[in-house]
Amino acid sequence: MPSLQHNITFLRSLGGMQSAALRHLQMDQDWGLNSKFNVFFEKNDPKPDQVHSFGWSGKTSIHSARKSFREVMNSGKESNDLSLYYNFWGAPLLADLDRSRRRVGVLHSPWVGIEDCLRGQRGLMDGALCINQPLVDLVLQEIPELGPDRVRLLPVAIRPHPELDVESVLQRPAKKEAEPWVVGVCGRVSKEQKRVDRLPEFCDTLERLGIPYRLEILGSGPELGWLQSKMSGRSNVVFHGTQRGLDYWKTLANWDSILFVSDYEGIPIALMECMALGIVPLYPDIGSGAESYLKQVDEDCIYSACDFEGLAERLKRIQKRTDNLGRWINYKKSFRKPIAAHLSDQYDTVYQNFVGEILNKPSVSTQPTLERAFDIWDFLPFGLLKKIHPASFYRSGIQ
């Protein structure tokens, strides 16, 4: 049975990448893969036999992170057939210690500076899995030695909870004009990337234009307390915290729209989960892979980033579609068509086949044996390093 090592920053927080990784924690064994997980920034996982939690933080340095990673790797009796690095994080810092015969990056989203990150993977990777085509193209551009046969599109699977009656959600009558439109925000409550600091302005705009609404926040994160404080005077803002299983899906099913205010995204899993239920997206035009899906249904779902007045006008046009029940139900169902590949088992098949292919191909990654060259940046804490010298996270030190 091939041995796999999954390396990820966070595993138990609410997010698309985390949902995919948890699927592997649950299913890899059934697929004939002996998988272990290294989770860098969490502590005390409930499955310590499968998951090692390092508990790193903004105070951790590259030097101390490598020391703790080396200790864990040296405690193992055998090397790994394959290491997977989610969003490629950590590979340049840890590849010479991971005791793996092959390495694959699993790319879920772009971010500012991703090109530098990908260039830092040159010589380290044997393949890549990407959740949308623009990310596939980007990896091929920045890591050209991989080639098309080693970079694969991985359609993330969307699986509504089996106890949720999806058809009844799709058939639900539209809101009456005076009823509040329920807008949901799902995922990490963070200013970085997710830009939850824009939500108060969104609320201000709808109130100024007289659009009845209720805003529901599903998730947690570093800015949760800040956002709760900013919204404390609004009785129509609800915080659900982190939910899972049927409770999570019931909350999604109660929304009329899902809102994103992010700076950047890949194709958010929460977006596709809502599309599967006929929940109408409100998505910024930020050049991610999601816009191509939404354009197949309704361009009013895409608004100019930060233009909440423009978003409100689009929302009014969407609401006019509710006048005819049959037309409204067909409109909701149309959101399932662009994500048809994600509503099947293609993810499982692509993943298993790709792992087998990479293990059977010759390695094209460097198998580093030299100790990482000394660098003063390696002794600064992550939090400071991220601000003043982020390039250090992409320096492999391979000679």
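The table that follows gives values for the structure above.
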item: I339 vs. criteria closer than 24 Å to R214 by Cβ, touching a helix residue (DSSP H, G or I) at 6+ places or on another chain (Cβ under 7 Å) and of a type in the set (V, I, T); result: no
item: The stretch 1-17, residues that are closer than 23 Å to C186 by Cβ, in contact with a helix residue (DSSP H, G or I) (Cβ under 9 Å, 6 or more places away or on another chain) and either modelled with pLDDT of 95 or more or not charged (D, E, K, R) (or both); result: I8, T9, F10, L11, L14, G15, G16, M17
item: Subset of the stretch 95-147 [touching a Cys at 6+ places or on another chain (Cβ under 7 Å) and surrounded by fewer than 23 Cβ atoms within 10 Å (Cβ to Cβ)]; result: V136
item: Number of the exception - D197 against (1) modelled with pLDDT of 95 or more; (2) in a loop (DSSP other than H, G, I, E, B); result: (2)
item: Condition met for V169 (assigned to a helix (DSSP H, G or I) and either touching a helix residue (DSSP H, G or I) at 6+ places or on another chain (Cβ under 8 Å) or in contact (Cβ under 8 Å) with a residue 40 or more places away in the chain (or both)); result: yes
item: Scope the stretch 40-71; condition among the aliphatic types (A, V, I, L, M) and within 27 Å of N360 (Cα to Cα); matching residues; result: V51
item: Helices (runs of 4 or more DSSP H) completely within the stretch 217-328 that count 2 or more residues being modelled with pLDDT of 95 or more and surrounded by 15 or more Cβ atoms within 10 Å (Cβ to Cβ); result: 224-230, 245-253, 269-276, 308-320
item: Close pairs from the stretch 270-286: first within 21 Å of E313 (Cβ to Cβ) and in contact (Cβ under 8 Å) with a residue 60 or more places away in the chain, partner assigned to a loop (DSSP other than H, G, I, E, B) and not small (G, A, S), Cβ under 6 Å, at least 6 apart; result: I279/W255
item: Conditions (1) in contact with a Pro (Cβ under 7 Å, 6 or more places away or on another chain); (2) small (G, A, S); (3) free of Cβ contacts under 8 Å to residues at least 60 places away in the same chain; number of the one not met by G310; result: (1)
item: Elements of type helices (runs of 4 or more DSSP H) in the stretch 55-125, at least 3 residues being closer than 13 Å to S396 by Cβ, touching a residue at least 12 places away in the same chain (Cβ under 8 Å) and in contact with a Phe, Trp or Tyr (Cβ under 9 Å, 6 or more places away or on another chain); result: 91-94, 114-119
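The values are calculated or read from the model by the stated rules, or taken from the named source; none is laboratory data. A quick note: this is a predicted structure, and the numbers were derived from the prediction, not measured. Counting neighbours? That spans all protein chains shown, and the Cβs are built from the backbone with ideal geometry, glycine included.
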